[in-house]
1. Only residues that are free of Cβ contacts under 8 Å to residues at least 40 places away in the same chain and touching a helix residue (DSSP H, G or I) at 6+ places or on another chain (Cβ under 8 Å): list them for region 117-141, please.
2. I'd like the residue in region 303-329 that is among the hydrophobic types (A, V, I, L, M, F, W, C) and assigned to a strand (DSSP E or B) and, out of all such residues, is modelled with the lowest pLDDT.
3. Residue by residue through region 89-131, note down the ones that are in contact with a strand residue (DSSP E or B) (Cβ under 9 Å, 6 or more places away or on another chain) and in a helix (DSSP H, G or I).
4. Conditions first: (1) without any contact (Cβ under 8 Å) to a residue 24 or more places away in the chain; (2) outside any loop (DSSP other than H, G, I, E, B); (3) over 30 Å from Tyr322 (Cα atoms). Asp240 passes all but one, so which condition is the exception?
5. If you scan region 243-259, which residues turn out to be free of Cβ contacts under 8 Å to residues at least 40 places away in the same chain and acidic (Asp, Glu)?
6. Can you run down the residue pairs with Cβ atoms below 6 Å, 6 or more apart or on separate chains, where the first is in region 197-212 and over 16 Å from Gly149 (Cα atoms) and of a type outside the set (Asp, Glu) and the partner is modelled with pLDDT under 90 and part of a loop (DSSP other than H, G, I, E, B)?
7. What number goes with the only condition from (1) loosely packed, with under 13 Cβ neighbours inside 10 Å; (2) outside the structural domain of Glu182 (by TED's automatic domain parsing) that Ser227 does not pass?
8. Would you check if Ala171 is assigned by TED's automatic domain parsing to the domain that holds Arg241, small (Gly, Ala, Ser) and in contact with a Gly (Cβ under 7 Å, 6 or more places away or on another chain)?
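The values are calculated or read from the model by the stated rules, or taken from the named source; none is laboratory data. Note that this is a predicted model, so its numbers are computed, not measured. When we count neighbours, we look across all protein chains shown, and the Cβ atoms used for this are built from the backbone with ideal geometry, even at glycine.
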Amino acid sequence: MQLNYIVCALFAALLGGCSPDYSIIGGGKTETETIYVEVEVPVYIETEVPQDAGLIWVDSFVQPKSVEGVDILWVIDTSGSMNSYDAALMSGLEAMLLALPPSGWRLAMMAADPDNAGLESQFPLVPGDGITEAAAMYAAMSRGHFEQGFDSVYEYIMNNPYSTTWMRSDAALLVVFVSDEEEQSETYFPVVQDFINWYSSLRGGSVFMSSIINFEEPDSVCDRPPSIIDVGDRYIEATDRFAGIKVDICAEDWSSGVADASAQVEPYKSIELTHQAIPDSVRVFVDGELYEDWHYVDFENTVYFDIVPEGDKLVEVGYRYYEETDTGA
């Protein structure tokens, strides 16, 4: 009898009704009482899921902290093979000077040679200086034959007393490496991660990096792809860790990449997505929490922040895209 009762309850939940086919007898031979008991039954809802919902992608960045200005170091390979890049170097420097804000920055150059970086003592370029002053600084710069960019930065900042006369603890720090050979530090940073750890500890984390180096084939734009030993893998690894700008040293014009590098220290007010997003799939998270103060412009494939996220926050933009129609990198 109990089994029949439970079956009736299931039919009532799933089909909308059921009449019991029995009675429970009680109180005597002529009295009957029907008792209805509610039974909780799981309900399963079928929903149609699109067969092709697109691929999932997440673009992200760490919002720069609010800082007072930026100190910039150009660390340049001065070995003989770099002579052919002098014109591109000057164009790149000019592009950065034009892209920098009208105040708040200071820029110095040094060789990617620790011995010379430790002795470099030229007064930095400041707002108002242009390519003439930059060319003069480059011409007067100490030179060496080593390609040890990481060790050179350490030697200049930590062991060169002159750096303390102009570098500021409350400013952001941007280092631009320029080399047609692999990074070869041996004294302080034979391991790339050690350099990343040290550099991350400076300026309360407001540090940025760009590299103008040889790319690996097939990404290289050189007429003759560089030897694998000359690819700047160590520079690339460090630069990627800081979400920095990388420029192929064989590119005819470094200007756009260098201009982008100068903008790294400014807070992100928007982000152009890597792939063409399906508009209604875009979601923004700040430090893992859903963020609402933004809007997406479809034809620009760009998310604009109505309220700019605070400094030192991890910003992630997740979305779906269709691979067959995608034009992203």
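1. Of everything in region 117-141, those that are free of Cβ contacts under 8 Å to residues at least 40 places away in the same chain and touching a helix residue (DSSP H, G or I) at 6+ places or on another chain (Cβ under 8 Å) turn out to be Gln122, Leu125, Asp129, Gly130.
2. Residue satisfying both the conditions and the ranking: Leu314.
3. Leu89, Gly92, Leu93, Met96, Leu97, Asn116, Ala117
4. (3)
5. Asp248 - this is the single residue of region 243-259 that is free of Cβ contacts under 8 Å to residues at least 40 places away in the same chain and acidic (Asp, Glu).
6. Taking only residues 6 or more apart or on different chains, the pairs are Ser206/Lys65; Ser206/Val67.
7. Evaluating Ser227 over (1) loosely packed, with under 13 Cβ neighbours inside 10 Å; (2) outside the structural domain of Glu182 (by TED's automatic domain parsing) leaves (2) as the failure.
8. Working: assigned by TED's automatic domain parsing to the domain that holds Arg241: yes; small (Gly, Ala, Ser): yes; in contact with a Gly (Cβ under 7 Å, 6 or more places away or on another chain): yes.
Yes; evaluated as a whole, the condition is true for this residue.
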